[in-house]
1. Checking residue 178 against (1) surrounded by 16 or more Cβ atoms within 10 Å (Cβ to Cβ); (2) in contact (Cβ under 8 Å) with a residue 60 or more places away in the chain: exactly one of these is not met. Which one?
2. Limited to the stretch 106-143, what total is found for residues that are at pLDDT 90 or above and surrounded by fewer than 22 Cβ atoms within 10 Å (Cβ to Cβ)?
3. Could you please find all residues in the stretch 170-201 being assigned to a loop (DSSP other than H, G, I, E, B) and closer than 19 Å to residue 138 by Cα?
4. Can you tell me which of (1) at pLDDT below 70; (2) surrounded by fewer than 17 Cβ atoms within 10 Å (Cβ to Cβ) is the one residue 69 doesn't meet?
5. Of all residues in the stretch 215-225, how many are touching a helix residue (DSSP H, G or I) at 6+ places or on another chain (Cβ under 6 Å), more than 11 Å from residue 109 (Cβ to Cβ) and part of a helix (DSSP H, G or I)?
6. Looking at residue 194, is it free of Cβ contacts under 8 Å to residues at least 12 places away in the same chain, more than 14 Å from the chain's Cα centre (by Cα) and surrounded by fewer than 19 Cβ atoms within 10 Å (Cβ to Cβ)?
7. Just the residues that are without any contact (Cβ under 8 Å) to a residue 24 or more places away in the chain and within 30 Å of residue 232 (Cβ to Cβ), please, taken from the stretch 156-174.
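The values are calculated or read from the model by the stated rules, or taken from the named source; none is laboratory data. In this text the structure is predicted, and so the values were computed from the model without any measurement. Here the Cβ is made from the backbone with ideal geometry for all residues, glycine too, and neighbour counts use every protein chain on show.
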């Protein structure tokens, strides 16, 4: 018998997040195949590059194992949660609701940040196809690294070291992960030139995305990030 769970609870779960982002992951990897292989590293978004470079130390196959690892992690969570919650049916209307909600969050993020004199989180690249590919990758990999992993690690460290309560630790985790998110954009040969204003802008964006992640889960924040970047692409293309 299927357990009755509300949209607001189920849509933020890892179970639905896995199902929701899987088509975007497949789309991203297929689109990357059409890019110049020699420029593959420079064209991918920052978090994706970081993880793939780490995996490359394990050899040629290690460089390409990230996508498989990404799927396996969410598949594991998917199966565990499916068993615990006794879920047997995927509600298509919930997935459509997540698309609509992610779009709204992405629009809200853009409207909130529209007066910022820089385009936050916008990946570099001159070709429209590359920009779209990077927008999808940013939503998947940056949210996975800087929200799912970063917030979880910081949260447990704060709880372990300082014995803070849950809510206080969550707030600080969002703030600290936002700092890491912003700082990473200035690291490495493809990083931006550091300015305090640009750092604060990206930190603010990281906090907003962290809040969406905590409130609505990985799937929706990932899609909201993509929508934001798509709006920026359209704005830059039509201007």
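1. (2)
2. Within the stretch 106-143, residues that are at pLDDT 90 or above and surrounded by fewer than 22 Cβ atoms within 10 Å (Cβ to Cβ) number 2.
3. Of the residues in the stretch 170-201, the ones assigned to a loop (DSSP other than H, G, I, E, B) are 185-195.
Within the stretch 170-201, 185, 186, 187, 188, 189, 190, 191, 192 qualify.
4. Here residue 69 meets the rest and fails (1).
5. 5
6. On the way: free of Cβ contacts under 8 Å to residues at least 12 places away in the same chain: yes; more than 14 Å from the chain's Cα centre (by Cα): yes; surrounded by fewer than 19 Cβ atoms within 10 Å (Cβ to Cβ): yes.
Answer is yes for this residue.
7. From the stretch 156-174, those without any contact (Cβ under 8 Å) to a residue 24 or more places away in the chain are 156-169, 171-172; that's our starting set.
171, 172, listed by residue number.
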